[in-house]
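Have a look at the structure below before the remarks.
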Amino acid sequence: MNSEARVVVLLSDHVRSQMLTPEDLVRLEGTATVEFVHPDVSREELAAALAQADVCVTGWGSPSLDEEILDAAPRLRLMAHTAGSVRKVIRDDLVGSRLRVTHAAAVIAESVGEFVVGQILAGLRGIVDMDRRLRAGEDWAEIERSTHGRLLRTSTVGVVGASRTGQAVIRLLRAFGSEILVSDPAVAGDDVRALGATHVSLEDLLDRSDVVTIHAPLLPSTVGLIGREHLARLRDGALVVNSARGPLVDAAALDDELRSGRLRAALDVFDPEPLAPDSEWRNVPGAILTTHVAGHTIDGHHAQGAAIVDEIIRFLDGQPLTYEITAVMMKGMA
(Lines give C-alpha, C1' and ligand atoms only; values in the text may rest on other atoms or scores of the structure.)
Protein backbone atom coordinates (compact mmCIF):
# COMPACT_ATOMS: atom_id res chain seq x y z
CA MET A 1 0.00 0.00 0.00
CA ASN A 2 1.14 3.51 -0.83
CA SER A 3 0.35 5.16 2.49
CA GLU A 4 0.71 8.63 1.00
CA ALA A 5 -1.61 8.10 -1.97
CA ARG A 6 -5.24 9.09 -1.56
CA VAL A 7 -8.14 8.00 -3.77
CA VAL A 8 -11.53 9.72 -3.54
CA VAL A 9 -14.49 7.73 -4.93
CA LEU A 10 -17.21 10.10 -6.21
CA LEU A 11 -19.95 7.52 -6.77
CA SER A 12 -23.38 7.06 -5.25
CA ASP A 13 -23.86 3.97 -3.11
CA HIS A 14 -25.89 2.38 -5.92
CA VAL A 15 -23.31 2.99 -8.66
CA ARG A 16 -20.46 1.99 -6.36
CA SER A 17 -22.16 -1.34 -5.58
CA GLN A 18 -22.65 -1.92 -9.32
CA MET A 19 -19.06 -1.17 -10.26
CA LEU A 20 -16.82 -2.16 -7.37
CA THR A 21 -17.05 -5.70 -6.08
CA PRO A 22 -15.87 -6.40 -2.51
CA GLU A 23 -12.76 -7.99 -4.00
CA ASP A 24 -11.95 -4.90 -6.06
CA LEU A 25 -12.52 -2.64 -3.05
CA VAL A 26 -10.00 -4.73 -1.12
CA ARG A 27 -7.52 -4.33 -3.98
CA LEU A 28 -8.07 -0.57 -4.08
CA GLU A 29 -7.83 -0.13 -0.32
CA GLY A 30 -4.66 -2.21 -0.36
CA THR A 31 -3.10 0.31 -2.72
CA ALA A 32 -4.01 3.68 -1.20
CA THR A 33 -6.13 5.41 1.38
CA VAL A 34 -9.66 5.45 0.00
CA GLU A 35 -12.43 7.93 0.85
CA PHE A 36 -16.01 7.61 -0.35
CA VAL A 37 -17.78 10.90 -1.09
CA HIS A 38 -21.40 11.13 -2.21
CA PRO A 39 -21.64 12.88 -5.61
CA ASP A 40 -24.39 15.24 -4.41
CA VAL A 41 -22.11 17.17 -2.04
CA SER A 42 -21.80 20.95 -2.31
CA ARG A 43 -18.99 22.49 -4.34
CA GLU A 44 -17.25 23.50 -1.12
CA GLU A 45 -17.43 19.96 0.22
CA LEU A 46 -16.23 18.55 -3.11
CA ALA A 47 -13.24 20.89 -3.17
CA ALA A 48 -12.37 19.97 0.41
CA ALA A 49 -12.64 16.25 -0.31
CA LEU A 50 -10.34 16.51 -3.35
CA ALA A 51 -7.82 18.88 -1.73
CA GLN A 52 -5.49 16.05 -0.73
CA ALA A 53 -6.50 13.49 -3.35
CA ASP A 54 -4.15 12.00 -5.95
CA VAL A 55 -6.88 10.11 -7.84
CA CYS A 56 -10.64 10.49 -8.09
CA VAL A 57 -13.01 7.78 -9.28
CA THR A 58 -16.04 9.02 -11.22
CA GLY A 59 -18.98 7.54 -13.09
CA TRP A 60 -22.67 8.03 -13.79
CA GLY A 61 -23.94 10.94 -11.69
CA SER A 62 -20.54 12.20 -10.57
CA PRO A 63 -20.13 15.98 -10.19
CA SER A 64 -18.34 18.12 -12.75
CA LEU A 65 -14.66 18.80 -12.20
CA ASP A 66 -14.24 22.32 -13.52
CA GLU A 67 -11.18 24.53 -13.37
CA GLU A 68 -12.09 26.03 -10.00
CA ILE A 69 -12.48 22.61 -8.42
CA LEU A 70 -9.20 21.41 -9.94
CA ASP A 71 -7.36 24.52 -8.72
CA ALA A 72 -8.42 23.58 -5.20
CA ALA A 73 -6.97 20.08 -5.68
CA PRO A 74 -3.25 20.59 -6.45
CA ARG A 75 -2.35 16.94 -5.85
CA LEU A 76 -5.06 15.51 -8.09
CA ARG A 77 -3.40 13.85 -11.09
CA LEU A 78 -5.83 11.22 -12.40
CA MET A 79 -9.57 10.95 -13.00
CA ALA A 80 -10.52 7.28 -13.34
CA HIS A 81 -13.98 7.09 -14.92
CA THR A 82 -15.94 3.86 -14.46
CA ALA A 83 -18.30 4.72 -17.34
CA GLY A 84 -17.72 5.70 -20.98
CA SER A 85 -18.15 9.33 -21.98
CA VAL A 86 -16.38 11.80 -19.69
CA ARG A 87 -17.83 15.00 -21.19
CA LYS A 88 -20.34 15.55 -18.39
CA VAL A 89 -17.58 15.37 -15.80
CA ILE A 90 -14.67 17.28 -17.33
CA ARG A 91 -14.21 19.78 -20.18
CA ASP A 92 -12.29 18.70 -23.25
CA ASP A 93 -9.59 21.33 -22.78
CA LEU A 94 -8.79 20.12 -19.26
CA VAL A 95 -8.14 16.53 -20.36
CA GLY A 96 -4.42 15.92 -20.42
CA SER A 97 -3.46 19.56 -19.88
CA ARG A 98 -4.75 19.70 -16.31
CA LEU A 99 -5.65 16.15 -15.43
CA ARG A 100 -4.90 12.72 -16.83
CA VAL A 101 -8.09 10.79 -17.57
CA THR A 102 -8.82 7.12 -18.10
CA HIS A 103 -12.18 5.47 -18.68
CA ALA A 104 -13.96 2.13 -19.14
CA ALA A 105 -15.48 2.64 -22.60
CA ALA A 106 -13.53 -0.25 -24.10
CA VAL A 107 -15.03 -2.60 -21.51
CA ILE A 108 -18.57 -1.31 -22.04
CA ALA A 109 -18.28 -2.00 -25.78
CA GLU A 110 -18.64 -5.75 -25.25
CA SER A 111 -22.01 -5.32 -23.52
CA VAL A 112 -23.20 -2.98 -26.26
CA GLY A 113 -22.05 -5.38 -28.97
CA GLU A 114 -24.06 -8.29 -27.59
CA PHE A 115 -27.12 -6.11 -27.08
CA VAL A 116 -27.02 -4.79 -30.64
CA VAL A 117 -26.75 -8.27 -32.13
CA GLY A 118 -29.74 -9.22 -29.97
CA GLN A 119 -31.65 -6.21 -31.33
CA ILE A 120 -30.79 -7.20 -34.89
CA LEU A 121 -31.87 -10.81 -34.41
CA ALA A 122 -35.10 -9.76 -32.70
CA GLY A 123 -35.83 -7.30 -35.50
CA LEU A 124 -35.08 -9.70 -38.34
CA ARG A 125 -37.17 -12.52 -36.85
CA GLY A 126 -40.07 -10.42 -35.56
CA ILE A 127 -39.67 -11.84 -32.04
CA VAL A 128 -41.00 -8.87 -30.09
CA ASP A 129 -43.95 -8.35 -32.43
CA MET A 130 -44.96 -12.01 -32.18
CA ASP A 131 -44.79 -11.83 -28.39
CA ARG A 132 -47.05 -8.76 -28.34
CA ARG A 133 -49.58 -10.32 -30.70
CA LEU A 134 -49.74 -13.60 -28.82
CA ARG A 135 -50.29 -11.80 -25.51
CA ALA A 136 -53.04 -9.72 -27.13
CA GLY A 137 -54.92 -12.90 -28.03
CA GLU A 138 -54.40 -12.95 -31.80
CA ASP A 139 -54.82 -16.20 -33.67
CA TRP A 140 -51.74 -18.45 -33.52
CA ALA A 141 -51.93 -19.51 -37.16
CA GLU A 142 -52.42 -15.95 -38.41
CA ILE A 143 -49.36 -14.73 -36.52
CA GLU A 144 -47.33 -17.59 -37.97
CA ARG A 145 -48.54 -16.93 -41.54
CA SER A 146 -47.90 -13.18 -41.39
CA THR A 147 -44.44 -13.26 -39.81
CA HIS A 148 -41.65 -13.43 -42.37
CA GLY A 149 -38.27 -13.74 -40.68
CA ARG A 150 -34.90 -13.04 -42.28
CA LEU A 151 -31.54 -14.72 -41.69
CA LEU A 152 -28.71 -12.59 -40.35
CA ARG A 153 -26.33 -14.80 -42.33
CA THR A 154 -27.82 -13.64 -45.65
CA SER A 155 -28.25 -10.00 -44.60
CA THR A 156 -25.91 -7.14 -45.41
CA VAL A 157 -25.22 -5.14 -42.26
CA GLY A 158 -24.01 -1.56 -42.47
CA VAL A 159 -22.06 -0.29 -39.45
CA VAL A 160 -21.95 3.51 -39.23
CA GLY A 161 -18.89 4.28 -37.14
CA ALA A 162 -16.00 1.90 -36.43
CA SER A 163 -15.84 3.01 -32.80
CA ARG A 164 -15.15 0.61 -29.93
CA THR A 165 -18.80 -0.43 -29.96
CA GLY A 166 -18.87 -0.63 -33.74
CA GLN A 167 -15.86 -2.92 -33.71
CA ALA A 168 -17.43 -5.09 -30.99
CA VAL A 169 -20.52 -5.50 -33.16
CA ILE A 170 -18.41 -6.34 -36.22
CA ARG A 171 -16.53 -9.07 -34.33
CA LEU A 172 -19.80 -10.73 -33.33
CA LEU A 173 -21.40 -10.34 -36.76
CA ARG A 174 -18.53 -12.15 -38.43
CA ALA A 175 -19.60 -15.36 -36.68
CA PHE A 176 -22.94 -15.21 -38.53
CA GLY A 177 -21.33 -14.87 -41.96
CA SER A 178 -23.03 -11.56 -42.77
CA GLU A 179 -21.60 -9.18 -45.33
CA ILE A 180 -20.44 -6.20 -43.26
CA LEU A 181 -20.06 -2.67 -44.62
CA VAL A 182 -18.47 0.14 -42.62
CA SER A 183 -18.72 3.89 -43.10
CA ASP A 184 -16.32 5.95 -41.01
CA PRO A 185 -14.24 8.78 -42.50
CA ALA A 186 -11.88 8.70 -39.52
CA VAL A 187 -10.82 5.07 -40.07
CA ALA A 188 -8.57 3.85 -42.88
CA GLY A 189 -9.76 1.25 -45.34
CA ASP A 190 -6.96 -1.16 -44.38
CA ASP A 191 -8.07 -1.02 -40.75
CA VAL A 192 -11.65 -1.82 -41.74
CA ARG A 193 -10.49 -4.74 -43.89
CA ALA A 194 -8.52 -6.05 -40.92
CA LEU A 195 -11.84 -6.18 -39.03
CA GLY A 196 -13.31 -8.39 -41.76
CA ALA A 197 -15.50 -5.65 -43.26
CA THR A 198 -15.62 -3.45 -46.37
CA HIS A 199 -15.04 0.31 -46.15
CA VAL A 200 -17.65 2.25 -48.13
CA SER A 201 -19.23 5.69 -48.26
CA LEU A 202 -22.29 6.37 -46.15
CA GLU A 203 -24.43 6.58 -49.27
CA ASP A 204 -23.18 3.23 -50.56
CA LEU A 205 -23.76 1.65 -47.16
CA LEU A 206 -27.35 2.87 -47.06
CA ASP A 207 -28.05 1.71 -50.62
CA ARG A 208 -26.78 -1.82 -49.97
CA SER A 209 -27.72 -2.64 -46.38
CA ASP A 210 -30.59 -4.72 -44.98
CA VAL A 211 -29.62 -3.59 -41.47
CA VAL A 212 -27.97 -0.32 -40.45
CA THR A 213 -26.52 -0.04 -36.95
CA ILE A 214 -25.18 3.30 -35.69
CA HIS A 215 -22.04 3.63 -33.56
CA ALA A 216 -20.81 7.15 -34.28
CA PRO A 217 -19.99 9.65 -31.51
CA LEU A 218 -22.39 12.52 -30.84
CA LEU A 219 -20.52 15.70 -31.78
CA PRO A 220 -21.72 19.01 -33.20
CA SER A 221 -20.72 17.71 -36.63
CA THR A 222 -22.67 14.44 -36.30
CA VAL A 223 -26.05 15.74 -35.11
CA GLY A 224 -28.53 14.58 -37.76
CA LEU A 225 -25.89 12.32 -39.32
CA ILE A 226 -28.70 10.12 -40.63
CA GLY A 227 -31.24 12.52 -42.12
CA ARG A 228 -34.41 12.18 -44.14
CA GLU A 229 -32.52 11.83 -47.40
CA HIS A 230 -30.37 9.07 -45.92
CA LEU A 231 -33.33 7.08 -44.62
CA ALA A 232 -34.98 7.40 -48.02
CA ARG A 233 -32.06 5.52 -49.59
CA LEU A 234 -32.72 2.40 -47.49
CA ARG A 235 -34.55 -0.46 -49.16
CA ASP A 236 -38.08 -1.30 -48.06
CA GLY A 237 -38.13 -3.39 -44.89
CA ALA A 238 -34.65 -2.35 -43.77
CA LEU A 239 -33.91 -2.34 -40.03
CA VAL A 240 -32.36 0.74 -38.37
CA VAL A 241 -30.61 0.10 -35.03
CA ASN A 242 -29.50 2.98 -32.81
CA SER A 243 -27.77 2.28 -29.52
CA ALA A 244 -25.46 5.33 -29.76
CA ARG A 245 -27.29 8.64 -29.24
CA GLY A 246 -30.75 9.82 -30.28
CA PRO A 247 -29.73 13.08 -32.04
CA LEU A 248 -27.61 11.18 -34.56
CA VAL A 249 -30.82 10.37 -36.44
CA ASP A 250 -33.47 12.80 -37.68
CA ALA A 251 -36.27 11.75 -35.31
CA ALA A 252 -39.13 13.20 -37.35
CA ALA A 253 -37.91 11.52 -40.53
CA LEU A 254 -37.49 8.15 -38.80
CA ASP A 255 -40.94 8.48 -37.23
CA ASP A 256 -42.45 9.10 -40.67
CA GLU A 257 -40.71 6.04 -42.14
CA LEU A 258 -41.84 3.80 -39.29
CA ARG A 259 -45.45 4.97 -39.41
CA SER A 260 -45.52 4.39 -43.16
CA GLY A 261 -44.43 0.79 -42.55
CA ARG A 262 -41.50 1.09 -44.96
CA LEU A 263 -38.74 0.74 -42.35
CA ARG A 264 -38.34 -0.97 -38.98
CA ALA A 265 -36.16 0.05 -36.05
CA ALA A 266 -34.63 -1.07 -32.76
CA LEU A 267 -34.00 2.01 -30.62
CA ASP A 268 -32.19 2.12 -27.29
CA VAL A 269 -31.64 5.90 -27.32
CA PHE A 270 -33.87 8.94 -27.75
CA ASP A 271 -33.82 12.71 -27.57
CA PRO A 272 -34.74 13.69 -24.93
CA GLU A 273 -34.38 10.93 -22.37
CA PRO A 274 -36.14 9.47 -20.53
CA LEU A 275 -39.21 9.27 -22.73
CA ALA A 276 -42.20 11.15 -21.32
CA PRO A 277 -45.19 8.95 -20.43
CA ASP A 278 -47.13 10.48 -23.33
CA SER A 279 -44.25 10.41 -25.83
CA GLU A 280 -45.33 9.51 -29.36
CA TRP A 281 -42.37 7.14 -29.54
CA ARG A 282 -44.18 4.81 -27.15
CA ASN A 283 -46.83 4.21 -29.80
CA VAL A 284 -44.73 4.17 -32.96
CA PRO A 285 -45.25 0.96 -34.96
CA GLY A 286 -42.49 -1.26 -36.29
CA ALA A 287 -39.99 -0.47 -33.55
CA ILE A 288 -38.41 -2.28 -30.61
CA LEU A 289 -37.88 0.26 -27.81
CA THR A 290 -35.54 -0.08 -24.83
CA THR A 291 -34.37 2.26 -22.10
CA HIS A 292 -30.73 3.13 -22.98
CA VAL A 293 -29.46 -0.11 -21.47
CA ALA A 294 -27.20 -1.49 -24.22
CA GLY A 295 -24.09 -1.01 -22.10
CA HIS A 296 -25.59 -2.25 -18.84
CA THR A 297 -24.94 -5.80 -17.67
CA ILE A 298 -24.02 -7.08 -14.22
CA ASP A 299 -20.89 -8.72 -15.57
CA GLY A 300 -19.97 -5.69 -17.64
CA HIS A 301 -20.29 -3.34 -14.67
CA HIS A 302 -18.00 -5.54 -12.59
CA ALA A 303 -15.52 -5.64 -15.46
CA GLN A 304 -15.63 -1.83 -15.70
CA GLY A 305 -14.85 -1.45 -12.01
CA ALA A 306 -12.07 -4.02 -12.16
CA ALA A 307 -10.51 -2.28 -15.16
CA ILE A 308 -10.53 1.07 -13.37
CA VAL A 309 -8.98 -0.38 -10.22
CA ASP A 310 -6.29 -1.90 -12.46
CA GLU A 311 -5.69 1.52 -14.00
CA ILE A 312 -5.34 3.18 -10.59
CA ILE A 313 -2.86 0.56 -9.44
CA ARG A 314 -0.85 1.00 -12.64
CA PHE A 315 -0.91 4.77 -12.23
CA LEU A 316 0.27 4.71 -8.62
CA ASP A 317 3.02 2.26 -9.61
CA GLY A 318 4.20 4.59 -12.36
CA GLN A 319 3.16 2.18 -15.13
CA PRO A 320 1.54 3.14 -18.49
CA LEU A 321 -2.25 3.31 -18.51
CA THR A 322 -4.27 1.02 -20.78
CA TYR A 323 -7.35 3.21 -21.33
CA GLU A 324 -6.02 6.76 -21.06
CA ILE A 325 -7.77 9.51 -23.04
CA THR A 326 -5.64 12.18 -24.69
CA ALA A 327 -6.67 15.66 -25.80
CA VAL A 328 -6.42 14.53 -29.44
CA MET A 329 -8.65 11.54 -28.79
CA MET A 330 -11.31 13.73 -27.18
CA LYS A 331 -11.93 15.53 -30.48
CA GLY A 332 -13.56 12.44 -31.98
CA MET A 333 -15.13 10.90 -28.88
CA ALA A 334 -18.68 11.04 -27.57
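Computed from point charges on the beta carbon alone (+1 for Lys and Arg, -1 for Asp and Glu), the dipole magnitude for segment 11-134 about its Cα centre is near 420 Debye. Look at where the Cα atoms of segment 149-206 and of segment 20-56 average out, and the two centres are 41 Å apart. For the chain, the per residue solvent-accessible surface stands at 47 Å², with DNA, RNA and ligands left out and a 1.4 Å probe.
Between LEU321 and VAL293, full extension at 0.36 nm per residue minus the direct alpha carbon distance yields a gain of 7.3 nm. For the listed peptides 33-41, 259-267, a ranking on the average number of other beta carbons within 10 Å per residue, highest first, reads 259-267, 33-41.
Which of rounded, prolate, oblate describes the chain, given a ≥ b ≥ c as roots of the alpha-carbon gyration tensor eigenvalues and a/c under 1.5 marking rounded, otherwise prolate only if a/b is larger than b/c? Because a/c hits 1.5 or more and a/b exceeds b/c, the chain counts as prolate. Using a cutoff of 8 angstrom between alpha carbon atoms and counting only pairs six or more residues apart, the relative contact order for segment 52-94 works out to 54 percent. Working from Cα pairs under 8 Å separated by at least six residues, relative contact order for the chain is 19 percent.
Taking a ≥ b ≥ c as the square roots of the eigenvalues of the alpha-carbon gyration tensor, segment 206-283 is classed oblate because a/c is 1.5 or more while a/b is no larger than b/c. The protection proxy used here, the mean number of other Cβ atoms lying within 10 Å of each residue, ranks peptides 271-280, 186-195, 204-213, 18-27 as follows, highest first: 204-213, 18-27, 186-195, 271-280. The fraction of accessible area contributed by carbon and sulfur in segment 49-97 is 49 percent, rounded to a whole number (1.4 Å probe; ligands and nucleic acids excluded).
Using Cα-Cα distances under 8 Å and only pairs 6 or more residues apart, what relative contact order does segment 33-75 have, in percent?
Dividing the mean separation by the residue count of segment 33-75 yields 51 percent.
Suppose we keep just the DSSP beta bridges with both residues in the chain; what percent of those would be antiparallel, to 5? Numbers along the way, then the final one.
On the way: 2 of 41 bridges.
The antiparallel fraction comes to roughly 5 percent.
With a cut-off of 11 Å between beta carbons, the residues surrounding THR33 carry a summed charge of -3, where Lys and Arg count +1 and Asp and Glu -1.
Build a GNM of the chain with springs between Cα atoms under 10 Å apart, and of SER178, SER64, SER146 the one that fluctuates most is SER146. Using the Cβ atoms and a cut-off under 12 Å, what net charge is assigned to the surroundings of GLY300, where Lys and Arg are +1 and Asp and Glu are -1? Summing Lys and Arg as +1 and Asp and Glu as -1 gives -3.
Could you tell me what percent of the accessible area of segment 172-301 is made up of carbon and sulfur, with a 1.4 Å probe and every protein chain present?
54
The values are calculated or read from the model by the stated rules, or taken from the named source; none is laboratory data. A quick note: this is a predicted structure, and the numbers were derived from the prediction, not measured. Using ideal geometry, Cβ is built from the backbone for each residue, glycine included, and neighbour counts are taken over all protein chains shown. What goes into the accessible areas is simple: the full protein's heavy atoms, side chains included, and nothing from ligands, DNA or RNA. Shrake-Rupley method; radii C 1.70, N 1.55, O 1.52, S 1.80 Å.
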